[in-house]
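Enquirer: Submitted below is the structure of interest, expressed as structure tokens.
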Amino acid sequence: QVQLVESGGGLVQAGGSLRLSCTASGRTFSSYSMGWFRQAPGKEREFVATISWSGAATYYADSVKGRFTFSRDNAKNTVYLQMNSLKPEDTAVYYCAAGRRLLSDNTEGYDYWGQGTQVFVSS
């Protein structure tokens, strides 16, 4: 299996930036597509972005396109979500996920999940 641990969340003012990291265990990390999802209190988990096994292909939700950048460093077993121009509506717990299905934008496409990291954006 793969274990995922997110980090990098915190408090930031609107318009600011944060970089989230997700570190994975296991030699087969590069065989998985990776995804970021987020969930605000009282709301359903929402797709944010996904990246292919090699990192050559990415796909973003319209709500974050142009502001967030997804990258991966397979040598470090780590993926990153660079979040710029943050808005209060970006406030949520952000979850890292891994799955065999390529570029899935729904939770069914992922087999493994991290515990989440909190992002709070003040107005």
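The values are calculated or read from the model by the stated rules, or taken from the named source; none is laboratory data. What you see is a predicted model; the values in this text were computed from it and never measured. Glycine gets a Cβ as well: all are built from the backbone with ideal geometry, and neighbour counts include every protein chain shown. With ligands, DNA and RNA removed, areas are computed over all heavy atoms of the protein, side chains included. Shrake-Rupley method; radii C 1.70, N 1.55, O 1.52, S 1.80 Å.
Enquirer: Taking the condition of being part of a loop (DSSP other than H, G, I, E, B) and either of a type outside the set (D, E, K, R) or under 15 Å from residue 4 (Cα atoms) (or both), how many residues in the stretch 105-123 meet it?
Expert: Initial filter on the stretch 105-123 (part of a loop (DSSP other than H, G, I, E, B)): 105-106, 110-111, 114-116, 123.
Filter again for either of a type outside the set (D, E, K, R) or under 15 Å from residue 4 (Cα atoms) (or both), leaving 106, 110-111, 114-116, 123.
Qualifying residue count for the region: 7.
Enquirer: I need a count of the residues in the stretch 19-40 that are within 24 Å of residue 65 (Cβ to Cβ) and surrounded by fewer than 20 Cβ atoms within 10 Å (Cβ to Cβ). Give the derivation first.
Expert: Taking the stretch 19-40 and keeping what is within 24 Å of residue 65 (Cβ to Cβ), we get 19-22, 32-40.
Going one step further and asking which of them are surrounded by fewer than 20 Cβ atoms within 10 Å (Cβ to Cβ), we end up with 19, 21, 39-40.
Selection size over the stretch 19-40: 4.
Enquirer: Cβ-Cβ distance below 6 Å, separation of 6 or more or different chains: which pairs start in the stretch 44-65 with a residue that is touching a residue at least 40 places away in the same chain (Cβ under 8 Å) and end on one that is surrounded by fewer than 19 Cβ atoms within 10 Å (Cβ to Cβ) and of a type in the set (Phe, Trp, Tyr)?
Expert: Hits for this filter: 50/59.
Enquirer: Please give the number of the condition residue 91 fails out of (1) within 15 Å of residue 34 (Cα to Cα); (2) touching a strand residue (DSSP E or B) at 6+ places or on another chain (Cβ under 7 Å).
Expert: The single condition residue 91 does not satisfy is (1).
Enquirer: Another question, if that's okay. Could you count how many residues in the stretch 47-59 are under 15 Å from residue 97 (Cβ atoms) and either among the basic types (Lys, Arg) or open to solvent by less than 80 Å² (accessible area, probe 1.4 Å) (or both)?
Expert: First, pick out the residues of the stretch 47-59 that are under 15 Å from residue 97 (Cβ atoms): 47-53, 58-59.
Filter once more, so that each one left must be either among the basic types (Lys, Arg) or open to solvent by less than 80 Å² (accessible area, probe 1.4 Å) (or both): 47-52, 58.
Looking only at that region, the number is 7.
Enquirer: For the stretch 6-17, enumerate the residues that are open to solvent by 30 Å² or more (accessible area, probe 1.4 Å) and farther than 12 Å from residue 78 by Cα. Show your work before the answer.
Expert: Here is the first cut: in the stretch 6-17, the ones open to solvent by 30 Å² or more (accessible area, probe 1.4 Å) are 7-9, 11, 13-15, 17.
8, 9, 11, 13, 14, 15, 17 - these are the residues of the stretch 6-17 that are open to solvent by 30 Å² or more (accessible area, probe 1.4 Å) and farther than 12 Å from residue 78 by Cα.
Enquirer: I'd like the full set of residues that are open to solvent by less than 10 Å² (accessible area, probe 1.4 Å) and within 12 Å of the chain's Cα centre (by Cα), limited to the stretch 95-113.
Expert: Selection gives 96, 97, 98.
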